[in-house]
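The structure under discussion appears below in the form of structure tokens.
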Amino acid sequence: MRHSLTIEKRAAVKEKRESLDFDIVFAGGGPANLASAIRLKQLITRHNEQNPSKTLDPTIAVVDKGRHAGAHLLSGAVFDTKALAELLPDFVDRDCPLDALVSRDKILFLTAKKSFAVPTVPEPFRNSGYPLVSLSRLGYWMAGEAENAGIELFTNTTAIKPIIENGSVCGLLTGDLGLDRFGNPKPDYLEGAELRAKVTVIGEGVAGTLATELQNDFSLCAQSAPQHYETGVKEVWKIAEGAIDAGEAWHTFGYPLPPETYGGGWLYALSPSEVSVGFVTAICPQAPEADPHKNLQLFKQHPSIAAILKGGSMLEYGAKAITSGGLDAIGRISGPGFLVTGESAGMLNMQRLKGIHLAMKSGMLAAETIFEALLRDDFSERTLQDYEERFRNSWAYDELHAARNFRQAFDKGLYQGLLQTGMQLKFPGLSLASTFLRKKKDHAARPHHATKQKNDSPPQFMTDGELTFSKEECLFRSGTMHEENQPCHLRINPAEMAEICLGRCREEHGNPCTRFCPANVYAFIKTPEPTLRISPSNCLHCKTCTLADPYGVITWTPPEGGGGPDYKLG
Ligand code: SF4
């Protein structure tokens, strides 16, 4: 049964912050941490069977801010099952929720009206035989597997801060409940709890709150290349049967993006009557003019895509930022008392547009490290560092190494990126030279690293309510919801609001948050007084605003547990 710390564990809390002791705590209930928890339980079970006189029985908890497992998970997605097959070889018999197998790959270059298929899909871009999945459904299923294995899963619970004592992480704090919008306790106020642990595993996805704090406190990324980010916006549609064959997987580049902006679209036929359609747009604070939501709407208007969606209806909408810097942008993934897994560590292969399998593998490697620590009863930084070595010796590292120059090749635009990628595929030795030259440049140029952004889509773009939708209309299909009477979780200091948001940012960029946020959280209001209105209850927790804000004045903090999107097909 899924727990809520709010109900079952905090009932006794009145004045003193509650403190609960676990051996291992996982912050985030995505594929990385769920795979990790399952793997750890498997290793312990096998050990106990083989060593009945020296059994291990650690307490393990997974904390997730969604109102149910999978509620905040979203991806395309074509799923490479390599890691899952290692974790649960009988995943098909266990009713893992898989959609159609990819039967045909297509890569299309789009102009405004036409499409041109790449004649032969290069090997690294092929997906034939892999299943299509909803990550949210996969996460929900994995959570069930974890609970069946004896893991405690606390949904509706936000991890807001690592507990750091004597230079070492020893657990996390969960968020308060029942504060009003001014920060005053309401009658049902419950203070957040301390979850203390020997090892804390951080797998909160992209730009996680704890991961960001630990990166800063422990300089985890001091030696790595700057990270790159994109925002993916996705819709799932019910369509007329026969419009496309189940299992077709299309990837596109070109329209509606100008050549200097990195990104592209996808269309996956999940079944004969359901498709996932989405668009990825590069985001960065140096040139924040992107509008990922609008790019998806324009993409759907392209004749090749519109023909598939014609007469259909949108079932779900969502958005998520993506890390795409690849291997060179992965910093240290361990530290005193903690390990970092999945996209919190940057485990995503942008060349293959896949990260679920890498996230799962990183979690499994973390589990093996923790298991060794349990066996030795040694949770020192040195022991946890073995995770780094395990990662370097894994197929996940090899895969990321082979694709390490892909995303950065597009830093100077589409055509140079295509040329460089083509050359690297034909002459793999070139990758080494590219890495060397880029690393020198990246370190010299930090933080001005990402693709120049530009949004030259038609300014007169109007949604039609059938094929294309406004952000407000889309939000109805995301299920996003928050307790309204709570402190705003998107924080802008009042002085910076006046000086930056209503001054410099308005002049220099025209308040790009009003465009790059895919949920219309930010709106510039002219009267009676000019102000930037923030509607936090719309938030999809995609993290784009913290990554694309040109002045870094927006701080995303976790709202009350259970708030946010309610993805079921994400
Ligand atoms: Fe994403 Fe929420 Fe920020 Fe909007 S306010 S960009 S939905 S995280």
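Go through segment 505-522 and report how many residues are among the small types (Gly, Ala, Ser) and within 7 Å of the ligand (Cβ to nearest atom). So that I can check it myself, show each step before the final result.
Here is the first cut: in segment 505-522, the residues among the small types (Gly, Ala, Ser) are 510, 519.
If we keep only those that are within 7 Å of the ligand (Cβ to nearest atom) too, we end up with 519.
The qualifying residues number 1.
Of all residues being among the aliphatic types (A, V, I, L, M) and in a helix (DSSP H, G or I) in segment 204-231, which is farthest from the ligand (Cβ to nearest atom)? Just the residue, please.
In the first step, residues of segment 204-231 are kept if they are among the aliphatic types (A, V, I, L, M); the result is 206-207, 210-211, 214, 220, 222, 225.
Retained after the next criterion (residues that are in a helix (DSSP H, G or I)): 210-211, 214.
Numbers: Leu210: 16, Ala211: 15, Leu214: 20 Å.
Among those residues, the one meeting the criterion is Leu214.
Tell me which residues, restricted to segment 216-238, are under 26 Å from Arg477 (Cα atoms) and surrounded by 21 or more Cβ atoms within 10 Å (Cβ to Cβ). Quick ask: steps written out before the conclusion?
So the first thing to find is which residues in segment 216-238 are under 26 Å from Arg477 (Cα atoms), and the list is 229-238.
Of everything in segment 216-238, those that are under 26 Å from Arg477 (Cα atoms) and surrounded by 21 or more Cβ atoms within 10 Å (Cβ to Cβ) turn out to be Tyr229, Glu230, Thr231, Gly232, Val233, Lys234, Glu235, Val236, Trp237.
Check every one of the strands (runs of 3 or more DSSP E) wholly within segment 40-139 and list those with 1 or more residues that are assigned by TED's automatic domain parsing to the domain that holds Asn349. Don't jump to the end; show me each part of the working.
Values: elements: 60-63, 104-110, 115-117.
Counting at least 1 such residues, we get 60-63.
Take Lys161 and decide whether it is surrounded by 17 or more Cβ atoms within 10 Å (Cβ to Cβ), without any contact (Cβ under 8 Å) to a residue 60 or more places away in the chain and in a strand (DSSP E or B).
Details: surrounded by 17 or more Cβ atoms within 10 Å (Cβ to Cβ): yes; without any contact (Cβ under 8 Å) to a residue 60 or more places away in the chain: yes; in a strand (DSSP E or B): yes.
Spelling it out, Lys161 is indeed surrounded by 17 or more Cβ atoms within 10 Å (Cβ to Cβ), without any contact (Cβ under 8 Å) to a residue 60 or more places away in the chain and in a strand (DSSP E or B).
May I ask you to list the residues in segment 544-558 that are touching a Lys or Arg at 6+ places or on another chain (Cβ under 8 Å) and within 13 Å of the ligand (Cβ to nearest atom)?
Step one: filter segment 544-558 for residues touching a Lys or Arg at 6+ places or on another chain (Cβ under 8 Å), giving 551, 554-558.
Passing the criteria: Ile554, Thr555, Trp556, Thr557, Pro558.
Residue check, Ile500 against (1) of a type in the set (Val, Ile, Thr); (2) out of contact with any Leu (no Cβ under 9 Å at 6 or more places or on another chain); (3) within 10 Å of the ligand (Cβ to nearest atom), all met but one. Which one?
(3)
Can you tell me which residue is nearest to the ligand (Cβ to nearest atom) among those in segment 523-540 that are touching a residue at least 24 places away in the same chain (Cβ under 8 Å), closer than 14 Å to Cys488 by Cβ and touching a strand residue (DSSP E or B) at 6+ places or on another chain (Cβ under 9 Å)?
Narrowing segment 523-540 to residues touching a residue at least 24 places away in the same chain (Cβ under 8 Å): 530-532, 534, 536-540.
Next, from what is left, pick out any that are closer than 14 Å to Cys488 by Cβ: 531-532, 534, 536-539.
When the remaining residues are screened for being touching a strand residue (DSSP E or B) at 6+ places or on another chain (Cβ under 9 Å), the result is 531-532, 534, 536-537, 539.
Values: Thr531: 16, Leu532: 12, Ile534: 8, Pro536: 7, Ser537: 10, Cys539: 3 Å.
Among those residues, the one meeting the criterion is Cys539.
Looking only at strands (runs of 3 or more DSSP E) that lie completely in segment 232-348, which have at least 1 residues being under 26 Å from Ala403 (Cα atoms) and among the basic types (Lys, Arg)?
Numbers: elements: 248-254, 263-271, 274-283, 313-323, 338-340.
So the answer is 313-323.
Condition first: closer than 23 Å to Lys54 by Cα and touching a Gly at 6+ places or on another chain (Cβ under 9 Å). Now tell me which residues in segment 328-379 satisfy that.
Listed by number, the residues that qualify are Ala366, Phe379.
Do we have Glu484 as assigned to a helix (DSSP H, G or I) and either within 13 Å of the ligand (Cβ to nearest atom) or more than 30 Å from Pro97 (Cβ to Cβ) (or both) here? Working first, answer last.
Details: assigned to a helix (DSSP H, G or I): no; either within 13 Å of the ligand (Cβ to nearest atom) or more than 30 Å from Pro97 (Cβ to Cβ) (or both): yes.
Taking the combined requirement at face value, the residue does not satisfy it.
Considering every residue within segment 177-185, establish whether at least one is without any contact (Cβ under 8 Å) to a residue 12 or more places away in the chain and on the phi < 0 side of the Ramachandran plot.
Yes.
The values are calculated or read from the model by the stated rules, or taken from the named source; none is laboratory data. Note that the structure is a prediction, hence the values are computed from the model and not measured. Note that we place each Cβ from the backbone using ideal geometry, even for glycine, and neighbour counts take in every protein chain shown.
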